[in-house]
Amino acid sequence: MNLVDEGITARQIMTEAAIKNAIKVDMAVAGSTNLILHIPAIANEAGLGHIQWWKYFDEASNEIPLLSHLAPSGMYSVKDFDLAGGMTALQKNMESVLDTSVMTVTGKPLSENIKDAKVYLPDVIHTLEDPVMTEPGIGVLYGNLAPEGAMIKIAAVPANLMTFKGKAKVFNSLDESLEALRSGKIVPGDACVVRFLGMKARFGTTAFTFQEELKGHPELFNSCAIITDGRFSGGTSGLSVGYVSPEAALGGPLGVIENGDEITIDIPNRNITLCISDEEMNKRLSEFHWEFPANNYHRFLRLFVKNVGSMAQGCVWDC
């Protein structure tokens with residue numbers, strides 16, 4: 001179907017209600033945490049940048065339970081999900097919490113798309129009344145370490161790490177963190193801070209490599225936290241807190257953590273805290289300075305770094 005011929009515009013499809021539907025579906029399957037970057041950016045282009053979308057992610061995370069537990073944190077594959085009925089079946093089970101009047105890219109409202117959908121494998125796609133778990137797939141943490149928010153895939157966190165307290169081991173690059181892990185410098189219970197990986201500092205580098213190597217050390221994976229302003233893959237697992245905003249390079253609190261500082265994470269209460277006084281925090285922030293190594297990069301990347309804004313706002317250019 002040609003949407004132009006049907007007189008349907010992108011603005012009619014990309015509405016506030018449609019974006020909220022997408023967030024709810026993502027919560028129901030513990031989908032990619034990268035959506036928290038894409039949604040605010042897309043919303044901004046649709047004229048909806050004034051909405052605090054990470055706040056809505058937080059609200060949705062407390063409303064929508066996990067309905068399909070897919071790999072790598074769950075036992076079912078995407079193929080299993082497809083055989084169970086796929087996306088329309090999931091949306092059919094979520095019908096009561098979605099706005100089904102929204103227009104879709106099929107040229108029909110969502111209600112038309114899902115009216116005949118069926119769930120063929122109820123163990124793969126659960127109902128709202130009988131979810132896989134009542135905790136959401138993805139959550140937003142706030143606190144003095146992440147004033148604008150930070151993301152965590154709750155469905156992939158071991159039960160013993162839903163609350164955490166540990167001493168910081170601080171790394172200013174991914175390579176530095178990997179060297180420490182490989183040389184035995186990380187010990188059980190460490191809060192591994194891997195910073196300057198955000199959009200401004202390193203164009204959104206993923207910390208997934210560090211996370212994956214940590215999984216090869218069960219005594220560390222089941223006791224340590226990873227805290228980063230970088231991204232994670234959809235395969236995020238463990239106590240991995242990403243997209244900490246504002247990122248370190250924007251002058252966020254992540255940039256002033258020192259080795260040995262105590263950090264607490266309370267997932268049930270959606271909190272992440274650097275355990276220092278307000279006075280000490282303000283002192284450190286006032287003395288903090290970071291400068292992009294411009295000579296190491298092409299001029300377009302220098303231009304990007306000069307203009308890019310917070311991840312919580314979709315990394316739009318602050319021109």
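The values are calculated or read from the model by the stated rules, or taken from the named source; none is laboratory data. All of these numbers come straight from a predicted model, not from anything done at the bench. As a convention, Cβ positions derive from the backbone with ideal geometry for all residues, glycine included, and neighbour counts pool all protein chains shown. The protein model used for the area step is the full one, side chains on, heavy atoms only, and it has no ligands, DNA or RNA in it. Shrake-Rupley method; radii C 1.70, N 1.55, O 1.52, S 1.80 Å.
Which loop-located GluC sites (Glu not before Pro) does segment 28-105 contain, where loop means any DSSP state but H, G, I, E or B and the Cβ has at most 16 other Cβ atoms within 10 Å?
On the way: sites: 45, 59, 63, 95; in loops: 63.
Loop-located and lightly packed - 63.
Cα convex hull of the chain: how many Å³ per residue?
148 Å³
Sorting 199, 94, 14, 87 by accessible area (1.4 Å probe), largest first, what list results?
Values: 199 30, 94 0, 14 65, 87 85 Å².
Largest accessible area first, the list is 87, 14, 199, 94.
How are the Cα pair distances of segment 75-221 distributed, in percent, across 5 Å bins from 0?
2, 7, 12, 15, 14, 12, 11, 11, 9, 5, 2, 0
Would you mind working out the magnitude of the charge dipole of the chain relative to its Cα centre, with +1 at each Lys and Arg C-beta and -1 at each Asp and Glu C-beta, to the nearest 20 Debye? Please report the intermediate quantities before stating the final value.
Values: 26 positive and 38 negative charges, 120 e Å.
Using only the charged Cβ atoms, the result is roughly 580 debye.
At 0.36 nm per residue, and after removing the present C-alpha to C-alpha distance, how many nm does the segment from residue 291 to residue 97 gain when stretched out fully?
The residue 291-residue 97 span can extend by a further 65.3 nm.
Considering segment 191-237, what Rg and Dmax in Å follow from its alpha-carbon atoms?
For segment 191-237, the Cα-based Rg and Dmax read 10.8, 33 Å.
Gap in Å between the Cα centre of segment 214-229 and the Cα centre of segment 253-280?
18 Å
Hey, got the dipole for segment 82-209? About the Cα centre, +1 on K and R Cβ, -1 on D and E Cβ, debye to the nearest 20? Before the final figure, lay out the partial values.
Working: 13 positive and 14 negative charges, 131 e Å.
So the magnitude is around 620 debye.
Does segment 60-118 come out rounded, prolate or oblate, given a ≥ b ≥ c as the square roots of the eigenvalues of its C-alpha gyration tensor, rounded meaning a/c under 1.5 and, failing that, prolate meaning a/b above b/c?
Oblate, because a/c is 1.5 or more while a/b does not exceed b/c.
Just for the Cα atoms in segment 79-153, what are the lengths along the principal axes, largest first, rounded to whole Å?
47, 30, 24 Å, listed from the longest principal axis down.
Using 0.36 nm per residue of separation minus the Cα-Cα distance, give me the extension gain between residue 176 and residue 277 in nm, one decimal.
Stretched out fully, the residue 176 to residue 277 stretch lengthens by 33.5 nm.
Any idea what log10 I(q)/I(0) is at q = 0.17 Å⁻¹ for segment 132-212, Debye with uniform C-alpha scatterers and no solvent?
Evaluating at q = 0.17 Å⁻¹ gives log10 I(q)/I(0) of -0.86.
Taking a point 7 angstrom from the Cα of residue 62 along the C-beta vector, which residues in segment 246-274 have backbone N less than 13 Å away?
It comes to 268-271, nothing else.
Could you check the spin-label model distance between residue 17 and residue 41? Points 7 Å from the Cα along Cα→Cβ, value in nm.
Computed distance between label sites residue 17 and residue 41 equals 2.8 nm.
Do the sum for the chain: with -39,500 (n - 2.57) for every DSSP H run of n ≥ 4, divided by all residues, what is the mean residue ellipticity at 222 nm, to the nearest 500 deg cm²/dmol?
My calculation for the chain gives -8500 deg cm²/dmol from helical runs alone.
Specify the inter-centroid distance of segment 54-78 and segment 19-53, based on alpha-carbon positions, in whole Å.
14 Å
Given q = 0.20, 0.23 Å⁻¹, what are the Debye log10 I(q)/I(0) values for segment 1-128, with equal point scatterers placed on the Cα positions and solvent ignored?
Debye intensities relative to I(0), on a log10 scale: -1.22, -1.39.
Taking H as built 1.01 Å from N, whose amide H comes closer than 5 Å to the amide H of residue 308, not counting residues under 5 places away?
Placed amide hydrogens put 318 under 5 Å from residue 308.
Quick one: compute a quarter of the convex hull surface over the Cα atoms of segment 185-292 and quote it in nm².
7.2 nm²
Filter the chymotrypsin sites (Phe, Trp or Tyr not before Pro) in segment 69-122 down to the DSSP loop ones having no more than 12 other Cβ atoms within 10 Å, then list what survives.
When the chymotrypsin sites (Phe, Trp or Tyr not before Pro) of segment 69-122 are filtered for loop state and at most 12 Cβ neighbours within 10 Å, 120 remain.
Label 7 Å along Cα→Cβ of residue 307; segment 9-44 residues with amide nitrogen under 19 Å?
Taking a point 7 Å out along Cα→Cβ of residue 307, the residues of segment 9-44 whose backbone N falls under 19 Å are 38, 40-44.
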